[in-house]
Amino acid sequence: MPRSTPPGTRPADAALYAALVAAEGSDPAVLLDVARMGSPRIVVDGPRAVTLDATGLTRLFGDARAIAHEMRRLAAERGLRVRVAVASTRTAARLLAHARPGISVAEGEEVWRAVGALPIDLLPVALVSGDPDVLTLKRWGLHTLGDFARLPADGVAARLGQEGVTWQRLARGEDLTPLVPSVPEERFEQAMDLEWPIEGLEPLSFVLARLIDPLSAHLERRGRGAAVLHVRLHLVTREVYERSLQLPTPIRDARTLRTLVQLDLESHPPSAGIDRVVVAVDPTPGRVLQHSLLTRPIPAPEQLSTLMARLGALMGEDRCGSPVLADSWHPDACTLQPFAPRELAHEKASPLATVNADQPDDWQQGAEPQVACAVRRFRRPVPARVRVEDGEPRLVQVDRRGLSGGRVERCAGPWRTSGGWWHERPATATPVSSGSPSAWDRDEWDVTFADGTTCLLFQDRVAQAWFLDGVLD
């Protein structure tokens with residue numbers, strides 16, 4: 001036969017919650033410390049209010065009233081004046097703590113009587129977020145939460161909708177959702193005070209290794225990755241030299257992070273000796289990578305980040321990245337954005353495509369792409385000698401091996417393009433460089449030679465020189 005619970009007692013595993021409301025001007029951090037001394041499962045309800053899961057604390061402190069007295073004693077030791085309420089539901093404990101000074105306890109059937117006697121103005125406290133229409137409820141003649149809880153649920157739903165049903169459940173002291181504990185903010189930071197100042201990157205690399213290795217292990221345990229890496233160097237001149245690295249993807253590999261920091265400090269060394277080193281990261285959920293069997297695998301983000309850092313240290317940070325077309329008629333105008341790899345399989349072929357080594361797999365395997373034409377642009381325009389008859393190019397000669405020339409069979413043009421006249425430009429025979437803020441003025445032609453080769457030809461009108469700009473395949 002199962003053992004029955006004696007009258008007047010409660011099961012040891014029954015739910016029990018304690019709500020603490022601090023006085024005006026209290027420190028929220030101290031209130032959180034007091035709540036965590038009672039239970040690790042807490043929920044922050046506001047700057048001066050917190051609710052904790054007191055289930056099981058009866059075995060440690062005694063009944064519900066003993067738990068309330070213990071929480072108030074812990075708060076008094078930290079210099080806090082708090083209201084404490086212990087009840088069978090979180091909603092009831094929160095309402096009682098805001099409504100009554102001192103200590104309040106309500107369990108079992110006492111919960112409904114205690115909550116029902118509270119004024120209806122406390123309904124927003126139970127909702128935590130949102131703004132219930134208390135004024136309308138008062139116009140109905142409702143003065144307490146019990147008056148609202150006793151109304152027919154169908155009538156409340158017909159007049160106030162689903163929100164009204166939710167408010168009525170809260171007026172009864174019911175919990176709408178289970179308790180989800182607030183997780184304390186976790187710091188991912190390592191620091192080291194040096195006995196003697198160090199100068200140079202080689203001794204600093206050993207210090208960085210001792211700091212980044214445990215930091216990487218911490219990220220691994222929490223399933224996080226570093227989105228931003230911060231390095232703060234306290235110099236002997238009492239200055240703080242700080243560098244922040246924006247990582248393209250979440251990274252937690254210690255070797256990669258150490259290499260990125262070293263390469264960045266090589267490009268931007270500190271100006272004096274170092275006596276304290278601090279390394280911190282802004283965490284983000286770890287990266288989950290799922291490769292596809294139908295596309296080419298891209299390099300690991302750790303390898304790409306290290307490569308871009310090395311290129312940035314060698315060439316300069318403003319000269320490494322992915323080219324982006326600029327909104328300009330300037331020939332070859334482009335800008336750079338941070339390099340970020342993407343799946344080439346999801347890219348669609350453009351009607352006018354440029355042939356390069358980054359095309360999808362079907363280009364590499366010999367499949368015929370569906371394009372109208374392809375332009376093979378020259379990295380630098382090729383100087384040419386052109387004979388003009390009746391305003392049209394008739395003969396083109398170039399000195400570069402592998403490029404055809406000769407008599408022009410057909411031509412189309414000219415298409416005149418100019419701009420940047422507000423910038424100064426010397427009158428030389430050198431074409432406009434890519435992205436340079438200089439003026440340009442040129443006539444463009446499409447010419448076809450006797451062997452069937454079609455080329456892009458233009459005349460620089462300022463320098464009075466001709467150049468081959470590319471070949472149409």
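The values are calculated or read from the model by the stated rules, or taken from the named source; none is laboratory data. Everything numeric here is computed off the predicted structure, so don't read it as measured data. Every residue, glycine among them, receives a Cβ derived from its backbone with ideal geometry; neighbour counts consider all protein chains shown. We work out accessible area using only protein heavy atoms, side chains counted, and drop any ligands, DNA or RNA first. Shrake-Rupley method; radii C 1.70, N 1.55, O 1.52, S 1.80 Å.
General remarks:
- A straight chain from Asp318 to Val44 at 0.36 nm per residue would run longer than the Cα-Cα distance by 94.1 nm.
- Note, ³J(HN,Hα) from phi for the stretch 227-242, Karplus 6.51, -1.76, 1.60, rounded to Hz, x at Gly and Pro: 8, 9, 10, 10, 10, 10, 10, 8, 8, 5, 7, 6, 9, 10, 9, 10
- Global geometry of the stretch 55-98, whether rounded, prolate or oblate, following the gyration tensor of its Cα atoms and the 1.5 cut on a/c: oblate
- On the stretch 132-229, 51 percent of the accessible area sits on carbon and sulfur atoms, based on a 1.4 Å probe.
- More than 13 Å apart - percent of Cα-Cα pairs taken over the stretch 19-92: 60
- Nonlocal amide H pairs with Cys334, under 5 Å, H built at 1.01 Å: Ala326, Gly435
- Counted charge near Gly102, where neighbours are those whose Cβ lies closer than 9 Å (Asp, Glu -1; Lys, Arg +1): +3
- Around the Cα centre of the stretch 147-266, unit charges on the Cβ atoms of Lys, Arg, Asp and Glu (plus for the first two, minus for the last two) sum to a dipole of about 420 debye.
- All alpha carbon pair distances within the stretch 122-235 were sorted into 10 Å bins beginning at 0; the resulting P(r) in whole percents reads 10, 28, 12, 9, 12, 15, 10, 4.
- A Förster radius of 41 Å combined with the Cβ-Cβ distance from Arg385 to Cys334 puts the calculated FRET efficiency at roughly 0.90.
- In this view, the solvent-accessible surface of His143, computed with a 1.4 Å probe and all protein chains in place, comes to about 130 Å².
- Fraction of the pair-distance distribution of the stretch 24-172 above 24 Å, Cα-Cα pairs, percent: 36
- Where Rh is the Kirkwood radius over Cα pairs, Rg/Rh for the stretch 105-159: 0.98
- D by Stokes-Einstein for the stretch 161-205, Kirkwood Rh over Cα pairs, 37 °C, 0.692 mPa s: 198 µm²/s.
- Annotation note: GluC sites (Glu not before Pro) in the stretch 88-150 located in DSSP loop regions with a Cβ neighbour count of at most 16 within 10 Å are Glu109.
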